[in-house]
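As structure tokens, the structure follows; a few thoughts come after it.
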Amino acid sequence: MGLVGAAAVRDGGAALPHGFWAAVRVWLERPQVANRRLCGAAVEAEGTVPLGEAGEASSSLAAVLGGGSGGETGQRTASAGASQLGRLWREVCGQLPAGHGRLPPPLTPWAGPGRGSELRAVLRTLLPRGRPVGPPGSPVRELAVQDVSNGTVTFLPLEENSEGKYQIKKCNIYQIQLAHVKDEEWSVSVVAPFPEDWFSDGMVYPKLEWLGNELLSKLVKWSVEQKPSEFKSTLSLISVAKYSKVYQDLKEKYKEMVKVWPEVTDPEKFVYEDVAIATYLLILWEQERKEKGLTKKQSFVDLGCGNGLLVHILNNEGHSGRGIDVRRRKIWDMYGPETHLEESTIMPGDSHLFPETNWLIGNHSDELTPWIPVIAARSSYSCCYFVLPCCFFDFHGKYSRRQSKKTQYREYLDFVAQVGLVCGFHVEEDCLRIPSTKRVSLIGRNRTYPPTERALIDRQITQYINSRQTCAVVTCDRRVGFNHKDDSDGVCKEAGSELPENETETAGTVWMPGFQPREKVEQIRNCASLPRDFVDDVVLNVANLLLNAAPQKSCSNVRGENTNTWNQGESLSLKEVAEHLNKETLKRLKSEYGGLQTLLKNNHQVFEVLNGRVHIRDWRKEKPSRKTKPEVKRRLSAEAFKTRLCWFFIHHPDGCSLPSESCPYAHGTQELRQSQTIKKKKHIQ
């Protein structure tokens, strides 16, 4: 009775019991990694509480509201949290069925005298990801009581009554238990004393089956596979509770942007990603105003602003600022005059400093990413920055790896952080909640040096930039430095001493004349712009290679009959296919993003690329379209029917494997229908 779920754990690496408590900590502080319907949890107070007779909480109580703060304010917050936890503990002890802190069976009782007289309590508020249906209720709080000596953590859900006091929601009490069986064998279980009365809202209170299956399996995995993450936990620098509320408000406010998105990019991804980034910045800046006693909202410049939506949101929320990008986007015309966007090329140098700006933003700013800390440092002593690195660029071009023991992403983040340190910033790292694999941000909001040392830091920046240059782009200090009046003979011994004629006039203002900004006209390099005859030749060569690579196989036709009349060919790895192509073809393909693989995937009528292997596509094995396909997608499929010639009908030695009436492609020019312009735009329900 009361057992919700149990799982055996084999610990060959001596991770337990410490790994179990680390797993419990994840569930306490970051429940959203298990329950996707939660945004997170705000730990309001935690500390040791006395066991036995209800009494004052111990003096070691520590509040962690909002991550804590230093100085007198932090002490007052900790004191308030200790007082709150103490009062709460006294109330809770009297409400448990057996009284005075004794748990109802079949929960494991808390340790008695001689096994430890204190427990550790954590008060947390659970934050739902979405807005609740109906009027918003009071926050859902839980008191988690850890008994390390007994290997249990008990969750006591709390409800606030009309008098402002908390009552235990007894039907939803549950306990997670760790038991040592023998040798390397352990057991983790979830127990609930009143399973028949369990209440589930599908969000904050999940079903008991979920606790006994999903949560239990994750706890077991985390307990024995605890690996230090390369990155910090999400939203470590701001209040998760505040983030949850502001994000929901902004998401509701700007959701209409998804329906009118004019770009070819995925509207849901880009709109909600920029809403999430804006939410983070708004909360970070609000914290900064409180810490520094500011009343005016911060100004900003977004360098490489792209679609400009982040600028639009920040402007609308009261922050003065502008976005600059080398290329204008269609959507810019939709924002209105209150959103300030400029089409301009940014060259790191004296002409692109922002002394009156509080913050510089680099959101996937590519080649500008390492320069943003430099521009912030040289703009003013008070200028801060926020960068969200994506593509890997150094000061002068593509970033080259130097540490094979790290992932490329981690190495690049360390490089950008190092730039910030050289520029005199105390660099902070945080992980955002955005639909992207590149979601680690680097923030410079405090200096490590006094204002009197700016000239010294500037020389340090110049030396560091010079040290990053390869021989081909090595330049003199007078070309890269900020203080261009330094005594310098201007002789550059490694790469020649004279400036190119068109760079002579700008040598005093551009920090690195070899810097290559993004081109104004975006180049299409996904193999779509390759000449049609070139693509056709590659397709035919690869198809013949596959068809001739192996003896003809027996296969079934559309009626299920065994037949040897249609050759499916053999599968080959991408490497094997590439080895059979001539050098000129490979060289041309390498200049395109994705190369050979992209070209073959683009020609999906002929090929199927699975797990790095290339196959001839057999259209008889294609699954029929689901009847539940959205109406727009069904309409687009119908419009494309028979608008292109069937490659197999023309080139395959056995013709097409499908009869004409079943093939979506035309068997001969007489079947061709006139092609209609189909705009590739995601259908929004």
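The values are calculated or read from the model by the stated rules, or taken from the named source; none is laboratory data. Since the model is a prediction, treat every value here as computed from it, not as a measurement. With ideal geometry, Cβ positions are generated from the backbone for all residues, glycine too; neighbour counts draw on all protein chains shown. For accessibility, only protein heavy atoms count, side chains too; no ligands or nucleic acids. Shrake-Rupley method; radii C 1.70, N 1.55, O 1.52, S 1.80 Å.
Summary table
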| item | result |
| --- | --- |
| Odd one out for Phe415 among (1) within 30 Å of Trp261 (Cβ to Cβ); (2) without any contact (Cβ under 8 Å) to a residue 60 or more places away in the chain; (3) aromatic (Phe, Trp, Tyr) | (1) |
| Long-range neighbours under 8 Å by Cβ, at least six apart or interchain, first residue at positive phi within the stretch 608-620, second assigned to a strand (DSSP E or B) and open to solvent by less than 30 Å² (accessible area, probe 1.4 Å) | Gly612/Ser573 |
| Meets criteria (modelled with pLDDT of 90 or more, within 24 Å of Val326 (Cβ to Cβ) and either over 22 Å from the mean Cα position of the chain (by Cα) or not assigned by the TED database to the domain that holds Cys305 (or both)) for Arg378 | yes |
| Any hit, the stretch 234-255, residues being farther than 28 Å from Ile443 by Cβ, in contact with a Gly (Cβ under 9 Å, 6 or more places away or on another chain) and either exposed (fewer than 14 other Cβ atoms within 10 Å of the Cβ) or of a type in the set (Val, Ile, Thr) (or both) | no |
| Filtered residue count, the stretch 428-474, keeping only those that are under 14 Å from Phe231 (Cβ atoms) and either without any contact (Cβ under 8 Å) to a residue 40 or more places away in the chain or not assigned by the TED database to the domain that holds Ile277 (or both) | 1 |
| Tally, over the stretch 589-616, of residues that are open to solvent by 80 Å² or more (accessible area, probe 1.4 Å) and either in contact with a Phe, Trp or Tyr (Cβ under 7 Å, 6 or more places away or on another chain) or outside any helix (DSSP H, G or I) (or both) | 5 |
| Scan of the stretch 402-433 for residues that are farther than 20 Å from Ile361 by Cα and within 22 Å of the chain's Cα centre (by Cα), ordered by number | Lys406, Thr407, Gln408, Arg410, Glu411 |
| Count - residues of the stretch 190-200 that are open to solvent by 20 Å² or more (accessible area, probe 1.4 Å) and touching a residue at least 12 places away in the same chain (Cβ under 8 Å) | 5 |
| Options Gln287, Gln298; residue that is touching a residue at least 12 places away in the same chain (Cβ under 8 Å), open to solvent by 10 Å² or more (accessible area, probe 1.4 Å) and over 17 Å from Ile434 (Cβ atoms) | Gln287 |
| Residue check, Phe354 assigned by the TED database to the domain that holds Trp285 and closer than 14 Å to Phe415 by Cα | no |
| Selection status of Lys170, open to solvent by 30 Å² or more (accessible area, probe 1.4 Å), touching a Ser or Thr at 6+ places or on another chain (Cβ under 6 Å) and in the same structural domain as Arg10 (by the TED database) | no |
| Long-range neighbours under 7 Å by Cβ, at least six apart or interchain, first residue in contact (Cβ under 8 Å) with a residue 60 or more places away in the chain within the stretch 1-19, second part of a loop (DSSP other than H, G, I, E, B) and surrounded by fewer than 16 Cβ atoms within 10 Å (Cβ to Cβ) | Met1/Pro106; Gly2/Pro106; Arg10/Glu184; Asp11/Glu184; Gly12/Glu184 |
| Check on Lys170, in contact (Cβ under 8 Å) with a residue 40 or more places away in the chain and not aliphatic (A, V, I, L, M) | yes |
| Residue under evaluation Gly164, criteria (1) of a type outside the set (D, E, K, R); (2) buried (at least 16 other Cβ atoms within 10 Å of the Cβ); (3) under 29 Å from Thr48 (Cβ atoms), criterion not met | (2) |
| Verdict on Glu622 being at pLDDT 75 or above and over 16 Å from Gln605 (Cα atoms) | no |
| Residue tally, condition open to solvent by less than 60 Å² (accessible area, probe 1.4 Å) and over 17 Å from the mean Cα position of the chain (by Cα), over the stretch 260-277 | 4 |
| Where a residue in the stretch 352-366 is within 20 Å of Val510 (Cα to Cα) and its partner, wherever it lies, is open to solvent by 30 Å² or more (accessible area, probe 1.4 Å), with Cβ under 6 Å and at least six apart | Asp366/Cys391; Asp366/Phe393 |
| Of the criteria (1) assigned to a loop (DSSP other than H, G, I, E, B); (2) open to solvent by less than 50 Å² (accessible area, probe 1.4 Å), which one Leu211 fails | (1) |
| Single unsatisfied condition, Ser351 versus (1) in a helix (DSSP H, G or I); (2) in contact with a helix residue (DSSP H, G or I) (Cβ under 9 Å, 6 or more places away or on another chain) | (2) |
| Any pair with Cβ under 6 angstrom, 6 or more apart, that starts in the stretch 641-663 at a residue that is open to solvent by less than 70 Å² (accessible area, probe 1.4 Å) and ends at one that is basic (Lys, Arg) | Lys642/Arg673; Thr643/Arg673; Ser657/Arg620 |
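Results for (1) open to solvent by 10 Å² or more (accessible area, probe 1.4 Å); (2) part of a loop (DSSP other than H, G, I, E, B); (3) of a type in the set (A, V, I, L, M, F, W, C); (4) at pLDDT 85 or above, shown as yes or no for each residue.
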residue: Ser83; (1), (2), (3), (4): yes, no, no, no
residue: Glu91; (1), (2), (3), (4): yes, no, no, no
residue: His100; (1), (2), (3), (4): yes, yes, no, no
residue: Pro109; (1), (2), (3), (4): yes, yes, no, yes
residue: Pro113; (1), (2), (3), (4): yes, yes, no, no
residue: Gly116; (1), (2), (3), (4): yes, yes, no, no
residue: Leu123; (1), (2), (3), (4): no, no, yes, yes
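Residue-wise test of (1) of a type in the set (A, V, I, L, M); (2) in a helix (DSSP H, G or I).
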position	(1), (2)
Thr357	no, no
Ile361	yes, no
Ile372	yes, yes
Tyr381	no, no
Tyr385	no, no
Cys391	no, no
His396	no, no
Ser404	no, no
